[in-house]
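Okay, structure first, notes after.
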Amino acid sequence: MDKIVIHGGNSLSGEVEVSGAKNAALPLLFATLLAPGKHRLCNVPALRDIETAAKLLGIVGADVQRDGDCFEITADDIRSDEAPYDLVRTMRASVLVLGPLLARVGHARVSLPGGCAIGARPINLHLKGLEALGATIDLDHGYVEARAEKLRGAHIAFDMPTVGGTENLMIAACLAEGTTVLDNAAREPEVIDLANALIGMGAKITGAGTDSIVIEGVDSLQPMDYRVMADRIEAGTYMVAAAMTRGDVLVKGVEASALETFLSKLREAGAVIEEKSDGIRVIGPETIRSVNIKTQPHPGFPTDMQAQFMALMALGDGTSVISETVFENRFMHVCELQRLGADIVIDGHVATVRGVNGLCGAPVMATDLRASASLVIAGLASENTTEVSRIYHLDRGYEKLEEKLQRLGAAIERQPA
Ligand code: EPZ
């Protein structure tokens, strides 16, 4: 297993190009199972999770070809309806095959994803919604057995906004008979990206991006030809790195509208944010101001930016109260940040971060994707050397991270552990 070695203290400067969004590309890849013919999806990031999704598409019978940053996918005949445990446990987003397989062939056998570092992450709301569409759902030896002669439109109200649940059901409803309404739907930009691609395939969807999405079922769909949106979480990660190192970085390819709450908090922390025609420029402050954040479903502060922002607050000029309301165990980065000298106390869902004058490099361990990013950012701003181990977590969601940071002036390299 590799590790990342960072010699901290350099200010980041220059330009960085954001890759395609992992959390948009994954549902888009699985949505190709809805229609025969050759689909083309571009701006797909080169990530471990994308490879896993491509493998799963192959297992169910799709032909998947990579052409640069594009995927060409032909799913003319579905040979298997099974998403096996050994694959689903490595990437829980595999449960997003449920909706397309049920809609396309009327059955699916998908392993329950099991637990995850950041929380239990059940899929009960996905399953409840699919039952509302007429599917029978049985649980057998850790697998979901789903069947439906023909899905029928329904009015579904989610107990809480769920990104994956909204995506799974929006996909399934495209080929259902009649109208489906998804209330209390997730409003994330990645849901809008998926809806736009489905509409391009001939689906009839309105309201994506609001908390009520209406899908008029159609008999069949055409292959997609679509370009994945930019990864707003990757972009936010580089913005925090610039803010934390007194840097001056233009993060290219991302729309400010996808990160409004996060950007307003970054401004409150003292960073200068300039919206440009080709991206967002972030100038780090001399003094980082401690601010409070509370993660919430979009358009609130993104839970996927909480760990990175906590690293910034470790060098704040006061005390920052960070509430994580989306996942029940998303503070795994705290113990590792403390090893770098951060002063953080956890009380349930709330972490209190007292800013310190400086951090000191040390060996630390990645535990999940965004926690890993938080440790890299903290290492960039720490004196001496930080070694981040178990960086396979990083490779799931950040394309060429160390190369992009090197180009911004960071002293960072990947080494065999
Ligand atoms: C998506 O996960 C993202 N992953 C996550 O990003 C992100 O953190 C999350 O949305 C929230 O924004 C992808 O898009 C591939 P949820 P998802 O369903 O869909 C509970 C990253 O770092 N819930 O919106 O799994 C759940 O436990 C990853 O890129 C149920 O209780 O998230 C959580 O507490 C991490 N029952 C809350 O809802 C359900 O059936 C939100 O989860 C579904 C969810």
Considering only residues that are farther than 18 Å from G207 by Cβ, among the small types (G, A, S) and surrounded by 15 or more Cβ atoms within 10 Å (Cβ to Cβ), which ones fall in segment 135-163?
A135, A146, A148
Which residue pairs have Cβ atoms closer than 6 Å, lie 6 or more positions apart in sequence or on different chains, and pair a first residue in segment 328-345 that is modelled with pLDDT under 95 with a second residue that is within 14 Å of the ligand (Cβ to nearest atom)?
E328/G119; N329/I118; N329/G119
Write out, first by first residue and then by second, each pair whose Cβ atoms fall under 6 Å of each other, whose residues are 6+ apart or on separate chains, and whose first residue, in segment 395-417, is over 20 Å from M305 (Cβ atoms) while the second is acidic (D, E) and at pLDDT 95 or above.
I412/E402; R414/E402
Across segment 105-123, what is the number of residues that are near the ligand (Cβ under 8 Å from one of its atoms), modelled with pLDDT of 90 or more and not β-branched (V, I, T)?
1
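Name the strands (runs of 3 or more DSSP E) wholly inside segment 1-74 in which the number of residues that are of a type in the set (S, T, N, Q) and away from the ligand (no atom under 16 Å from the Cβ) is 1 or more.
Values: elements: 2-7, 13-17, 38-42, 63-67, 70-74.
Answer list for segment 1-74: 13-17, 63-67, 70-74.
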Meets criteria (within 15 Å of the ligand (Cβ to nearest atom), of a type in the set (V, I, T), surrounded by fewer than 22 Cβ atoms within 10 Å (Cβ to Cβ) and not in a strand (DSSP E or B)) for I192
yes
Consider A186 against the criteria (1) near the ligand (Cβ under 10 Å from one of its atoms); (2) in contact (Cβ under 8 Å) with a residue 40 or more places away in the chain; (3) out of contact with any Ser or Thr (no Cβ under 6 Å at 6 or more places or on another chain): it satisfies all of them except one. Which criterion is unmet?
(3)
Does any residue in segment 1-29 that is closer than 16 Å to T386 by Cβ come within less than 6 Å, Cβ to Cβ, of a residue that is within 16 Å of the ligand (Cβ to nearest atom) and of a type in the set (V, I, T) six or more places away or on a different chain, and which pairs are these?
D2/I391; I4/I391
Filter pass, L102 being assigned to a helix (DSSP H, G or I), on the phi < 0 side of the Ramachandran plot and within 15 Å of the ligand (Cβ to nearest atom):
no
Taking segment 136-173 as the search range and keeping residues that are assigned to a loop (DSSP other than H, G, I, E, B), within 26 Å of T90 (Cα to Cα) and out of contact with any Ser or Thr (no Cβ under 8 Å at 6 or more places or on another chain), which one is nearest to the ligand (Cβ to nearest atom)?
T162
Residue hits (segment 325-350; under 21 Å from L380 (Cβ atoms) and either loosely packed, with under 15 Cβ neighbours inside 10 Å or of a type in the set (G, A, S) (or both)) are G341, A342, D343
How many residues does segment 255-280 hold that are among the charged types (D, E, K, R) and assigned to a helix (DSSP H, G or I)?
4
G164 - would you say it is touching a Phe, Trp or Tyr at 6+ places or on another chain (Cβ under 9 Å) and within 30 Å of H349 (Cβ to Cβ)?
no
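Name the single residue, out of those in segment 281-306 being part of a strand (DSSP E or B) and touching a helix residue (DSSP H, G or I) at 6+ places or on another chain (Cβ under 6 Å), that is farthest from the ligand (Cβ to nearest atom). Spell out the reasoning first.
Filtering segment 281-306 down to residues part of a strand (DSSP E or B) leaves 281-283, 293-295, 301.
Within this subset, residues satisfying the condition of being touching a helix residue (DSSP H, G or I) at 6+ places or on another chain (Cβ under 6 Å) are 282, 293, 295, 301.
Working: V282: 21, I293: 15, T295: 9, F301: 11 Å.
Checked segment 281-306; the qualifying residue farthest from the ligand (Cβ to nearest atom) is V282.
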Is at least one residue of segment 200-207 part of a helix (DSSP H, G or I), at pLDDT 95 or above and surrounded by fewer than 16 Cβ atoms within 10 Å (Cβ to Cβ)?
yes
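For segment 67-79, name all the residues that are exposed (fewer than 15 other Cβ atoms within 10 Å of the Cβ) and over 16 Å from G37 (Cα atoms).
D67, G68
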Quick one: would you say Y398 is under 23 Å from the mean Cα position of the chain (by Cα), among the hydroxyl-bearing types (S, T, Y) and at pLDDT 95 or above?
yes
Only one of these conditions is not met by Q308: (1) modelled with pLDDT under 95; (2) within 26 Å of V249 (Cβ to Cβ); (3) of a type outside the set (A, V, I, L, M, F, W, C). Which number is it?
(1)
Within segment 174-189, residues surrounded by 23 or more Cβ atoms within 10 Å (Cβ to Cβ) and over 18 Å from A93 (Cα atoms) come out as C174, A176, T180, L182
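The values are calculated or read from the model by the stated rules, or taken from the named source; none is laboratory data. In this text the structure is predicted, and so the values were computed from the model without any measurement. Here the Cβ is made from the backbone with ideal geometry for all residues, glycine too, and neighbour counts use every protein chain on show.
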